[in-house]
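Quick note: the coordinates plus some simple rules give every number you see, no bench work behind them. Just so we're clear, the structure is a prediction, and the values are computed from it rather than from any experiment. All Cβ positions, even for glycine, are placed from backbone atoms using ideal geometry, and neighbour counts span all protein chains on display.
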Amino acid sequence: MAPPAGRFRPWRNLAIFAGIVAVLYSLVFFTGGGDPTPKLGIDLKGGTRVTLTARTVDGRPPSRESLDQARQIIEQRVNGIGVSGAEVMLDGVNLIITVPGENGEEARTLGQTAKLYFRTVISEEPARAPASVPGGQPRGGNAPAAPPASQQPPASGAAPRPVPPQPVQPQQLQPPPSGQPTPPPAPTPPPTPAAPPPSAPPPVGNAPAESADPQAAEQIRQARARLQSQDPAVQQQALAALNCAASNPLRGNDDPNLPLITCDQHHTAKYLLGPAFLSGEQISSASAGPNQEGTGYEVRLRFKRQGEDIWAKYTANNIGKQSAFALDGEVVSAPQIIAAIPPGQPTSITGSFTQAEAQNLANVLKYGSLPLSFQSSESETVSATLGLASLRAGLLAGALGLAVVFVYCLFYYRALGVLTILSLALSGLIVYAVLVLLGRWIGFTLDLAGVAGFIVAIGITADSFVIFFERLKDEVRDGRTFRSAVPRAWVRARRTILSADAVSFLAAAVLYVLAVGQVKGFAFTLGMSTVLDLVVVFLATHPLVAMASQSRLLSQPGLSGLGAAQRAGAESRSELVTAAGKGT
């Protein structure tokens, strides 16, 4: 027989909670490589420290403002929402970057200048001696026109597949046929790459000044004369002699107002590019996600108003041509334009990106280029010995506190105390899964401040149980049975629980916005635990109490912990009857 309308169904809430736990742990064990442990912060696991030394073009010490701006940009790149546990500090003219784990190469790439320019592809040809990326995996970006697609290395973690040059926007841009390089310009009349495209605005930026280091300045001058010449004969000689395996002396120092001879990021294709017609400064937002038209990942861009107009006019006037996205002088992608892209429509940079590579490129483009160039040092390992000792002490204190809470709940609430312990265990179960997933999705790392936030949140969760149970005792004192008191007590207690958790969450949110460093991680964990507390109380604790009230064994006054409340209520009613009798 179906239950009457409005009757509470505890099994339904418990089934929803069990479904949430099942989904979370399915994601934990079957996504992200299957590592079922949270990411730990620098103070718990250690990390890698890299020092970036600022270099100025005139040899003078960099200004404090430029150093602060560079620090803020790098901090946003590595720790955009403040929960990754990375640290960026100023030390004189140096920036010291410390990231959790042992990925020193990732820390060094944070000092990338990240100047993005959009250039017209004049010609493209395969590199004679492609340079393999360490580990045999590509670093992301445009796949070469040659060698054939069947010989291209797959992206890390993916099955081998052809990787042709990818489109900027799948519906309106297409790559040239795989294995067919763009033919070089005809000798008569020669191309004039110095002239901007018909729809191009005035010069994109100023030419970089010469370095104060005489040797570096001479290398840059010779590289510009060879790789950014406006003489067609010099261009063809430089393109033929270009060795993509060698380091690029113009990395981050190319002049956007001159043509450029360079390679793609895979070092498998060579390009002759025209002057830049659009710069990355016109990008308003960048995000990474799965390729909507194929495999792999892409970076979706949105431009500012001026950039939208320039891009729309360029695509309308250059249908059939290739457009290259050059990041620090290397081609990331070089798709072919097949239709105009109207203003407001997002543009996609696609290629053989892994998820991490796409996200890194999106962060670099989102937060802009650095005002200074930096030279990185070798990475060094940071020990976590002190943090581990503090963690052991903190966990011991937390365990002792939980033990005291458990003993008190069993003594004071008895069966309800058992439900309190069970609810706390379920809360820990769901918190652990969320920690693992947040570490994979947003780079969240658990540090000592986060552990403190979780310990504080245990008290908030226990407070919710106390509010509910004390309201339940009030209803029993008024003469109601355990079973009839549960729904009335819940209706009145949940208002107080929601109000208390709302205040706690608001305090955590304000602290998160205003704080910096590890305090931000403390606020994040406190706010997250407060939200999960509501999930546990509504979907687990309340149904468990309702089921206990329907059990003959657990509803016995001596076992439920409500016997004292029943006796107090009976004595109070007896006194009232006696007083009323005397009054009559």
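With 22 Å as the limit on Cα-Cα distance, the pairs of Lys270/Lys313; Lys115/Lys366; Lys321/Lys366; Lys45/Lys366; Lys45/Lys520; Lys39/Lys520 that go past it are Lys270/Lys313; Lys321/Lys366; Lys45/Lys366. If the chain between Arg7 and Val93 were fully stretched, how many nm would it gain, using 0.36 nm times the residue separation less the Cα-Cα distance? In short, 24.1 nm is gained. Sorting the segments 425-435, 8-18 by their mean number of nearby beta carbons within 10 angstrom, highest to lowest, gives 425-435, 8-18. Residue separation of Val407 and Asn243 scaled by 0.36 nm, minus their Cα-Cα distance, works out to 51.8 nm of gained length. Rounded to the nearest 0.05, what FRET efficiency do Arg495 and Ser551 give with R0 = 30 Å and r taken as the Cβ-Cβ distance? Could you check? Calculated value: 0.65. With both labels modelled 7 Å from their Cα along Cα-to-Cβ, the Ser287 to Leu429 distance reads 3.4 nm.
Computed packing ranks the peptides 414-421, 241-248 as 414-421, 241-248, most packed first, by mean other Cβ atoms within 10 Å. If R0 is 60 Å, the Cβ-Cβ spacing of Thr37 and Ala568 corresponds to a FRET efficiency of close to 0.75.
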